[in-house]
Amino acid sequence: MKRLSMLVMSTAMIGILAGCGQDDDVPTEAVLPEVIDVELTVPEQGNANEPVTLTTLVTQGEEKVDDASEVEYEIWEEGKKEDSILVETTNEKNGIYSAETTFETDGMYHVQVHVTARDMHVMPEKQIQIGDATHQSDGHESAKEGQHHEHGEGVEGLALHFMQPKGAKAATDTELMTHAQLDGEAIKAQVRYEIISADKETTWVDTEESKPGEYTANYQFPKAGSYQVIIHIENEDIHEHEEHIVEVN
């Protein structure tokens, strides 16, 4: 009788283990989301002091993306990236984000749209000629249709986008974030912030790559004022920097 009971228990255990084995065969790999696609539309030409409309279509597969967390245009004249301006957009729905701007003087201008949506960041660039300006390349060639060809300081195809912190307060953690891409693809590199106060005190802050091509760090600015934040990016092929000003309350 005891032998029969042990046989029944052994059979039951085999059945349980077989069931567990079947569960293990169920695929558990997560399906990666489709990448977002950004179509930037910029007129090839315009006139000084006349409005120019910029539009961007953001899609993910067949879906029009209406919930982008950031869509803004960065505009600068050829050779004057350090004087770039940011232009906010209007969400027109159906995945379209638009803005209207004017150019005060004739020249060749770069228009780059920064799109952050669904944990992805894309920043294609195009050029526009205002007035009778002739094209004089500064190493930032205009993007071909459908490509994300970016600018950089001496490195063709390099694009850095510093997320200007909003409402930075002294003695409080402030997130500093930079997106880095090369020819539209996330780049692996060492990224550090050189932070210089108004009285020229300098602090170096290392970042972590929180996502591919996204480098973040938390920093407490010691007191209110204007700070120079210099992004340094370096790997075997690149050693570049880009400067920004952060206002701290």
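Odds and ends about this structure:
- Annotation: A198 fulfils all but one of (1) touching a Phe, Trp or Tyr at 6+ places or on another chain (Cβ under 9 Å); (2) within 23 Å of G167 (Cβ to Cβ); (3) not in a loop (DSSP other than H, G, I, E, B); the unmet one is (3).
- Pairs, first hydrophobic (A, V, I, L, M, F, W, C) in the stretch 190-214, second assigned to a loop (DSSP other than H, G, I, E, B), C-beta under 9 Å, six or more apart: V191/T207; I195/E201; I195/F221
Here's the yes/no breakdown for (1) of a type in the set (S, T, Y); (2) in contact with a helix residue (DSSP H, G or I) (Cβ under 9 Å, 6 or more places away or on another chain); (3) at pLDDT 90 or above:
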{"position": "V115", "(1), (2), (3)": "no, no, yes"}
{"position": "K126", "(1), (2), (3)": "no, no, yes"}
{"position": "S137", "(1), (2), (3)": "yes, no, no"}
{"position": "Q147", "(1), (2), (3)": "no, no, no"}
{"position": "H151", "(1), (2), (3)": "no, yes, no"}
{"position": "E156", "(1), (2), (3)": "no, no, no"}
{"position": "M163", "(1), (2), (3)": "no, no, yes"}
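- Number of the condition not met by G213 [criteria: (1) over 16 Å from Q164 (Cα atoms); (2) open to solvent by less than 10 Å² (accessible area, probe 1.4 Å); (3) in contact with a Ser or Thr (Cβ under 8 Å, 6 or more places away or on another chain)]: (3)
- Pick from the stretch 219-239, criterion in a strand (DSSP E or B) and more than 18 Å from the chain's Cα centre (by Cα), ranking: surrounded by the most Cβ atoms within 10 Å (Cβ to Cβ): Y227
- Flag if K64 is surrounded by fewer than 17 Cβ atoms within 10 Å (Cβ to Cβ), at pLDDT 95 or above and basic (K, R): yes
- When S98 is tested against (1) at pLDDT 95 or above; (2) part of a loop (DSSP other than H, G, I, E, B); (3) among the polar types (S, T, N, Q), only condition (2) is not met.
- Taken over the stretch 163-173, the criterion of being in contact (Cβ under 8 Å) with a residue 12 or more places away in the chain and open to solvent by 10 Å² or more (accessible area, probe 1.4 Å) is satisfied by M163, Q164, P165, G167, K169, A170, A171, T172, D173.
The values are calculated or read from the model by the stated rules, or taken from the named source; none is laboratory data. Computed from a prediction, not measured in an experiment: that's the story for all the values here. Cβ atoms come from the backbone with ideal geometry, glycine included; neighbour counts cover every protein chain shown. For accessibility, only protein heavy atoms count, side chains too; no ligands or nucleic acids. Shrake-Rupley method; radii C 1.70, N 1.55, O 1.52, S 1.80 Å.
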